[in-house]
Every structure is written in C-alpha cells, then in structure tokens.
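The next block holds one structure in the form of structure tokens; read it before the comments.
The values are calculated or read from the model by the stated rules, or taken from the named source; none is laboratory data. Just so it is clear, the model here is predicted, and its values are computed rather than measured. Here the Cβ is made from the backbone with ideal geometry for all residues, glycine too, and neighbour counts use every protein chain on show.
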Amino acid sequence: MKLATCDVIVTAPPAPGWGGRYWLFVKVTTACGITGWGECYAASVGPAAMQAVIADVFARHMEGTSPFDIELMFRRAYSAGFTQRPDLTVMGAFSGLEIACWDIIGKALDQPVHRLIGGMTNPRLRAYTYLYPKPEQDADAFWVSPEMAAEAALERVEQGFTAVKFDPAGPYTIRPGHQPAMRDIERSVAFCDRIRDAVGNKADLLFGTHGQFSTAGAIRLAQAIAPYQPLWFEEPIPPDNIAAMAQVAAASPVPVATGERLTTKAEFAPLLQAGAAQILQPALGRVGGIGEARKIAALAETHNAQVAPHLYAGPVEWAANVQLGAAIPNLLMVETIGRGGAFHKALIGDTIAFDEGYLLPPETPGLGIEFDEALARAHPFDGAGLHLQMQEAPCDYSAENVFGGGAPRKG
C-alpha cells in the first residue's frame, strides 16, 4: 500500500465562522484506493501558498511511501533542506497529511486510531468550549459584557459542560507583550466574578489569553484573577520565550497552559524542562500530527503535566483530538466549539457524539468520520485574510480594548 495522490480543499465556514476564516482539509489516497482525511491548522502564509507547501511536502517526502511509515516521513519533512528543527509552515503541512495517514491506516486495519496508538484509556472525554454569543445577541457587546458571558456560561453548564473558556483581557497584537490596561484587569476580574457566581462549583473557569502580556503584566493579571480559582491561565506571554514563561509560571497562583502555537516535541520538551507550563495544548494540525502529539503527551507524563488538545479549526482536527484524547492517560480535557456547531458536524456526518459535557470516541475505523467532500467544496474561501490575524495597533490605555472572538465572519 503506497500513498498516491493528495488534494487540498480550502473551506470557509458560514457566518459567524467560529473556528477561523478558513479550514485546510487534505485528502490523501493510496494506490489501492483508500482515502484518508486530515487538516492543517493555521499557518503564517495564505491558503494559496499553503496549498503549494502541502503539495510539495507530500510529493517530496510522502508520495510512493507506505502510510504506515509515519516516522520515516516525519524525519524527512523535519530534516528537509538541512534543517532538523521546527518549521511552523512545513510541520503544519505535514501535520494534516500525517493525520490523513492515520485515517488510512485505521481504515486498512478496520480499527479506530486510538487503538493503534495505545488503545482506549478514556471512554468519555471531558470537553470545554469558549463562550460564544448567541445569534440573537450583539456580538460586539458580548466580548466586553461580564453579564452576557455569565449567561452563556450557565447555559453551557446546563448542557453538561464542566469547564468554560473566555478571554476578556484585550487584544492580541503584533508587538511584544504589554502591560494590561487597568480597565482590562478590572474587566477580567468582573468576568471571573460573574461567571463564578453563575456556575458556582459546577465548572472550572479557563482564562484565555493569546500571548498578550509582558512577564510582569502577566503576573499582575494572574494575581488579580486568582481569587476565582481559574483552572488555567492560557499562553499569558508570547510563546517564543521559555525563560519568561517559566517566570510567569513560578509567580502565578493560576496554572499556566500553553502550546497552541508550538510545533513538535523539540519545542515542548524545553518548556517542560523549564517548568514553564503545567498544561500542554498541542494543536494536532500544527504540532506534527497524531504521532508527534502522542510523544508530547508521553513527555508531559514524565513531568506530571496534563494535556488539553487545542481546537480553533475545523472538524477533522477535532476528530484527531478525540482519537488522541481517548488513548493518553494524562488527558485533562479536549476543546470543542460549542457542541460542535452545525457546519462542523455536517462536514463529518455528525459522527462525534456528546454525552452532556463529555465526548464519546468513535469506534469506527480511522478517525471515525464520514467527511462530506461536496459540502466542503461548496464553501470555498475567497477572502484575503489569514486564518487568524493580530492587530497592529498597540494596547489602548485610554479607550476600550476588545478581543473579538478570533476571526468571525460578519456575513
């Protein structure tokens, strides 16, 4: 069995577009006709350029190779061009292709992926979601309203979720980390206060940021929200400074979580060694794929750290997260976008089941999904923006700073 062809579909989710402006799905087919699906998480180049990178990685390192030879293909891609170091874009491309290989292997062996990477450890996966506005709510007001966030949190708890995430701490920018504005700290405290009052002890609060802050600024904010017992403080500073992240982790009363923007074990290992995070959040469409994420989970286990796979993408990465989560003993929880979202679920045949706030790993072969290729192709991306974009303006210390919930579509 050899890998024969690769196709890339760039899909734009309908409004409001939670999960990013577009999703990069890869379709890999073997010479004997078995098809596997994967997904590449956001890259630092546009989708046309990324399609070319994916095609090059496949043709150069994977075409004509057995899908079982994942380690060999990883080493080829990781070492390409005399590198042997993490390359975000190349490893992002490889990640989606690698996920597709596991889908093929599972289908060829008639086994779900989790049985191929260690077997079922967690038959029910604890799930969490960001708090998103309802269609009838004012989306702009939602992101700065503690009351609306508390209402959304209570609804999620009533659905069975035991953890909810929110980010009221201001924008993420292209600049180095900044000190939070006092109104950003006050808003963050108000969000924690209202949400904790609404959910009581029925749910953990997950305080999200996007690498906004300086080391001292992150520590200030952590101390301000600590009385509300958040489970984690997510990526409080830019992810490129492990020593500074370790300073934050040592001083923060709230456990630090990070990993969405990191790729391969080469970037996660020093993070663990420095004590810079207690919770790792690999994005499987960026980190190197399922096999590399399994290695990172094992590294985390040796440091008494837990894993919470990240998701701000489409449903194929979601399905890969579920397969990984089923197999690793140090799983904390997995991210979802609400209860899947109508478009997410439709793209994979509604194959990921919820048991209230828990996910049930599929027992069907491969990723366990039924990908709707026609639906994916019916929603092409025709925009100019990247999957996610950071603002150029610095933090505003006079007017309101607003985090707009990622990159939602306005219509």
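Sort through ARG124, ARG76 and tell me the only one that's touching a strand residue (DSSP E or B) at 6+ places or on another chain (Cβ under 9 Å) and over 27 Å from PRO380 (Cβ atoms).
On the way: ARG76 fails: touching a strand residue (DSSP E or B) at 6+ places or on another chain (Cβ under 9 Å).
Every option except ARG124 fails the conditions.
Looking at (1) touching a Gly at 6+ places or on another chain (Cβ under 9 Å); (2) under 27 Å from ARG261 (Cα atoms); (3) at pLDDT 95 or above, can you tell me which one VAL157 breaks?
Only one criterion in (1) touching a Gly at 6+ places or on another chain (Cβ under 9 Å); (2) under 27 Å from ARG261 (Cα atoms); (3) at pLDDT 95 or above is unmet by VAL157, namely (2).
Any residue in the stretch 147-160 that is within 20 Å of the chain's Cα centre (by Cα), of a type in the set (S, T, N, Q), more than 30 Å from GLU392 (Cα to Cα) and in a loop (DSSP other than H, G, I, E, B)?
Within the stretch 147-160 (the criterion being within 20 Å of the chain's Cα centre (by Cα), of a type in the set (S, T, N, Q), more than 30 Å from GLU392 (Cα to Cα) and in a loop (DSSP other than H, G, I, E, B)), the answer is no, since none of the residues qualifies.
Of the numbered conditions (1) over 21 Å from ALA283 (Cβ atoms); (2) of a type in the set (Lys, Arg); (3) touching a residue at least 40 places away in the same chain (Cβ under 8 Å), ARG85 satisfies every one except a single condition; which is it?
Going through (1) over 21 Å from ALA283 (Cβ atoms); (2) of a type in the set (Lys, Arg); (3) touching a residue at least 40 places away in the same chain (Cβ under 8 Å) one by one, ARG85 breaks only (1).
When the stretch 394-403 is examined, which residues are found to be surrounded by 13 or more Cβ atoms within 10 Å (Cβ to Cβ) and at pLDDT below 85?
ASN401, VAL402, PHE403
Counting just the residues of the stretch 28-47 that are touching a residue at least 24 places away in the same chain (Cβ under 8 Å) and surrounded by fewer than 18 Cβ atoms within 10 Å (Cβ to Cβ), which one comes out farthest from THR263 (Cα to Cα)? Step through it out loud before you land on a result.
At the first step, the residues of the stretch 28-47 found to be touching a residue at least 24 places away in the same chain (Cβ under 8 Å) are 28-32, 34-47.
Then keep just the ones that are surrounded by fewer than 18 Cβ atoms within 10 Å (Cβ to Cβ); that gives 29, 31-32, 35, 44-46.
On the way: THR29: 25, ALA31: 30, CYS32: 32, THR35: 26, SER44: 13, VAL45: 16, GLY46: 19 Å.
Going through the qualifying residues, I end up with CYS32.
How many residues are farther than 19 Å from GLY64 by Cβ, out of contact with any His (no Cβ under 9 Å at 6 or more places or on another chain) and part of a strand (DSSP E or B) when one looks only at the stretch 9-38? Please lay out each step first, then the result.
Just the residues of the stretch 9-38 that are farther than 19 Å from GLY64 by Cβ, to begin with: 9-25, 37.
Checking the rest, the ones that are also out of contact with any His (no Cβ under 9 Å at 6 or more places or on another chain) come to 9-10, 15-17, 25, 37.
Applying the additional criterion that residues be part of a strand (DSSP E or B) yields 9-10, 25, 37.
Qualifying residue count, the stretch 9-38: 4.
Is it true that some residue in the stretch 215-232 is aromatic (Phe, Trp, Tyr), under 24 Å from ASP396 (Cβ atoms), under 25 Å from the mean Cα position of the chain (by Cα) and modelled with pLDDT of 95 or more?
no
Can you tell which of THR209, THR162 is surrounded by fewer than 20 Cβ atoms within 10 Å (Cβ to Cβ) and of a type in the set (Val, Ile, Thr)?
Details: THR209 fails: surrounded by fewer than 20 Cβ atoms within 10 Å (Cβ to Cβ).
THR162 is the lone residue from the list that is surrounded by fewer than 20 Cβ atoms within 10 Å (Cβ to Cβ) and of a type in the set (Val, Ile, Thr).
Okay, residues lined up against (1) at pLDDT 95 or above; (2) closer than 30 Å to PHE207 by Cα; (3) acidic (Asp, Glu):
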| residue | (1), (2), (3) |
| --- | --- |
| ALA77 | yes, no, no |
| SER95 | yes, yes, no |
| GLN137 | no, yes, no |
| ALA150 | yes, yes, no |
| PRO176 | no, yes, no |
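Mind checking which pairs have a first residue in the stretch 204-223 that is acidic (Asp, Glu) and a second that is not in a strand (DSSP E or B), Cβ under 6 Å, 6 or more apart or different chains?
Final answer for the pair search is ASP204/LEU231.
Would a scan of the stretch 271-278 turn up a residue that is within 19 Å of the chain's Cα centre (by Cα) and modelled with pLDDT under 95?
no
Out of the helices (runs of 4 or more DSSP H) lying entirely within the stretch 170-283, which hold 2 or more residues that are closer than 28 Å to GLY160 by Cβ?
On the way: elements: 182-199, 215-225, 242-251, 265-273.
Helices (runs of 4 or more DSSP H) meeting the threshold: 182-199.
What do you reckon, is PRO133 part of a loop (DSSP other than H, G, I, E, B) and modelled with pLDDT under 95?
Working: part of a loop (DSSP other than H, G, I, E, B): yes; modelled with pLDDT under 95: yes.
Yes: the conditions hold for PRO133.
Which pairs do you get when a residue that is closer than 26 Å to ASP204 by Cβ and basic (Lys, Arg), found in the stretch 240-267, comes within reach of a residue that is modelled with pLDDT under 95 and surrounded by fewer than 24 Cβ atoms within 10 Å (Cβ to Cβ), reach meaning Cβ atoms under 7 angstrom, with the pair 6+ apart or on two chains?
Note: pairs meeting the criteria are ARG261/PRO239.
Kindly indicate whether GLU335 is acidic (Asp, Glu), in a loop (DSSP other than H, G, I, E, B) and at pLDDT 95 or above.
Numbers: acidic (Asp, Glu): yes; in a loop (DSSP other than H, G, I, E, B): no; at pLDDT 95 or above: yes.
So GLU335 fails the test.
What number of residues within the stretch 364-393 satisfy the criterion of being surrounded by 12 or more Cβ atoms within 10 Å (Cβ to Cβ) and either at positive phi or part of a loop (DSSP other than H, G, I, E, B) (or both)?
Number of matching residues: 18.
Using the structure shown, decide if ALA4 is part of a helix (DSSP H, G or I), among the aliphatic types (A, V, I, L, M), at negative phi and at pLDDT 95 or above.
Working: part of a helix (DSSP H, G or I): no; among the aliphatic types (A, V, I, L, M): yes; at negative phi: yes; at pLDDT 95 or above: yes.
Spelling it out, it is not the case that ALA4 is part of a helix (DSSP H, G or I), among the aliphatic types (A, V, I, L, M), at negative phi and at pLDDT 95 or above.
For the list (1) in contact (Cβ under 8 Å) with a residue 40 or more places away in the chain; (2) over 20 Å from the mean Cα position of the chain (by Cα), I need the number of the one condition that ARG124 fails.
Just one mismatch for ARG124, condition (2).
Going through the stretch 285-319 one residue at a time, which ones are small (Gly, Ala, Ser), surrounded by 24 or more Cβ atoms within 10 Å (Cβ to Cβ) and touching a strand residue (DSSP E or B) at 6+ places or on another chain (Cβ under 9 Å)?
Scanning the stretch 285-319 gives GLY285, GLY289, ALA293, ALA297, ALA300, ALA308, ALA313, GLY314, ALA319.
Can you name every residue in the stretch 338-352 that is under 19 Å from the mean Cα position of the chain (by Cα) and not in a loop (DSSP other than H, G, I, E, B)?
Looking only at the stretch 338-352, we keep the residues that are under 19 Å from the mean Cα position of the chain (by Cα), and these are 338-345, 347-348, 352.
Those that are under 19 Å from the mean Cα position of the chain (by Cα) and not in a loop (DSSP other than H, G, I, E, B): ALA342, PHE343, HIS344, LYS345, LEU347.
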